[in-house]
Amino acid sequence: MSDTTPATGPIPAPLTLDGPGPGAVALTPATTLAAGPGTETTERWLRAVLGPALGLTLPTAPPGADAGAGLRLRTDDTLGPEEYRLTAGADGVEITGGDAAGVFWGAQTLRQLIGPDAFRRAPLRPGAGHRLPYVSVRDAPRFRWRGLMLDVARHFMPKDGVLRYLDLMAAHKLNVLHFHLTDDQGWRIEILRYPELTATGAWRPRTKYGHRASPLWEDKPHGGHYTQDDIREIVAYAAERHITVVPEIDVPGHSQAAIAAYPELGNTDVVDTAALGVWDTWGVSPNVLAPSENTLRFYEGVFEELLGLFPSEFVHVGGDECPKDQWRASAAAQARIAELGVDGEDGLQSWFIRHFDRWLTARGRRLIGWDEILEGGLAEGAAVSSWRGYAGGIAAARAGHDVVMCPEQQVYLDHRQDGGPDEPVPIGYVRTLEDVYRFEPVPPALTETEAARVLGTQANVWTEVMEDQARVDYQVFPRLAAFAEVAWSALPAPADRDFAGFEERMADHYRRLDALGVAYRRPGGPLPWQRRPGVLGRPIEGAPPNA
């Protein structure tokens, strides 16, 4: 009988974990599964994922059968949303959740407690069985929004890679995928009424290798897109794992790919938009959407199709980094400013965002955007992703808006993990595993009422220098494990957090990541194949040497 149970506990840390006690539950081919009403997603997941890993079929327990050898799933509405209890004892293993999601998160903890073998796709020792020591877990999340933003516009991630990341999110109890689908460098979602968005906008002729100042290019086309059926599959796969997919369509900046596909969307009186292609370098393109009625109608059509594919409460509209030079030079844009009576070019951007704020609100959805959207006022239900530090989130919460905290300085996982010379394509600030573990999403400057506006937090993964899945893995892990604990667990103040204890638990978690095939950054630094010697990164100018 194999016993690979970790001694140091799950990640993210539960509220309480009592055990291991004397005795153990044997998980063998005879182990049955009894699933109560409302636990169907976990029942399917256990049979489809945990069963093959351990060589278990988990047959349905017959009515009145002895439960000692089995797993039991049930819900209890006296527990809160996503809350769960897990007990392993003489009468088997029972997971009780406040709702279906709570049961599912309990199953994720069960998987960790069984050991790394439970993260494989087939049993390493068929017929050996596993033993789960007697244990009792009580747990509930700190935040309702525990997110990962995945940028598939800069470097396209094929559908199977997205599904894999949904599994990795579920394994860490993250529940929101912020799906960044459009940018200057590519349009990634099929819109049936506008086929050129993917026929033209999904492909660029070449790609800058490294930071935009790098002299290196990959001289081959790059691109791809998700069909609407792909999107339906991704959304359904996420829902089975109690993950919400929040789509992002970026407006009015970061739009060169759309303008390349439909030149009339751009500022045609100052730029030959018909000559524009999908952008092949990094940074912020000067080519932005024209503030015309035609542009509004076009994007209403885009969002209409989007709402049919994504049932999420929130829809992200970007709204950040919109250069105003073309609007300043455009007679049409200046006439629009005069017609609307807005405060210059900044007012024009606010008008654009407020239009879609009202449009989404009228259809029962809520707009969310980067913190620049605060400039000019928002509808009551709009929310803000605070990326330029904490200031935008503080201002939004004080103005009565919900906030997702994702400040660049703390949780942009494209930023480098070490200051050493072997770090691949070193971007931005040095943010170590410990730095992420000590991130606090709720600023102490907020009052209790204002702090309640913080829906949660997310880590952002911008993929300019992540050309494939292995590079994404390297940047995201192991820091996503630390972030997941910040988002889920009831941790003390940053200075009082037990990072040494977290590192001890990570020793076991690395074995789980190995079993999952995650190409994470080792504590000792990158492996030879993970380095990118000679590829220029982006140090922060004027920052300290370790930034």
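Structure summary
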| item | result |
| --- | --- |
| Relative contact order, percent, segment 387-540 [alpha-carbon distance under 8 Å, six or more residues apart] | 31 |
| E440, E313 arranged by Cβ crowding within 10 Å, fewest neighbours leading | E313, E440 |
| Cβ charges +1 (Lys, Arg) and -1 (Asp, Glu), total dipole of segment 16-139, debye | 600 |
| Mean separation of Cα contacts under 8 Å, 6 or more apart, over the residue count of segment 264-398: relative contact order % | 22 |
| Cα-based shape type of segment 16-139, given that a ≥ b ≥ c are square roots of the gyration tensor eigenvalues and the cut on a/c is 1.5 | rounded |
| Relative packing of peptides 70-81, 475-486 - highest average C-beta neighbours within 10 Å first | 475-486, 70-81 |
| Under 29 Å from K220, Cα to Cα: lysines that are on another chain or at least 8 residues apart | K159, K208 |
| Theoretical ellipticity at 222 nm over the chain - DSSP helices of four or more residues, -39500 (n - 2.57) apiece, nearest 500 | -9000 deg cm²/dmol |
| For the chain, size of Cβ-based charge dipole, Lys and Arg +1, Asp and Glu -1, in debye | 1280 |
| Share antiparallel - DSSP beta bridges, the chain, percent rounded to 5 | 35 |
| Relative contact order of the chain, pairs being alpha-carbon contacts under 8 Å that are 6 or more residues apart, as % | 15 |
| Segment 16-139 - share of DSSP beta bridges that are antiparallel (%, nearest 5) | 65 |
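Any read-out appearing in this document is the output of simple, stated calculations on the displayed coordinates, not a laboratory observation. Fair warning: this is a prediction, and the values are worked out from it, not measured in the lab. Methodologically, a virtual Cβ is constructed for each residue, glycine included, from the backbone with ideal geometry; neighbour enumeration extends over all protein chains shown.
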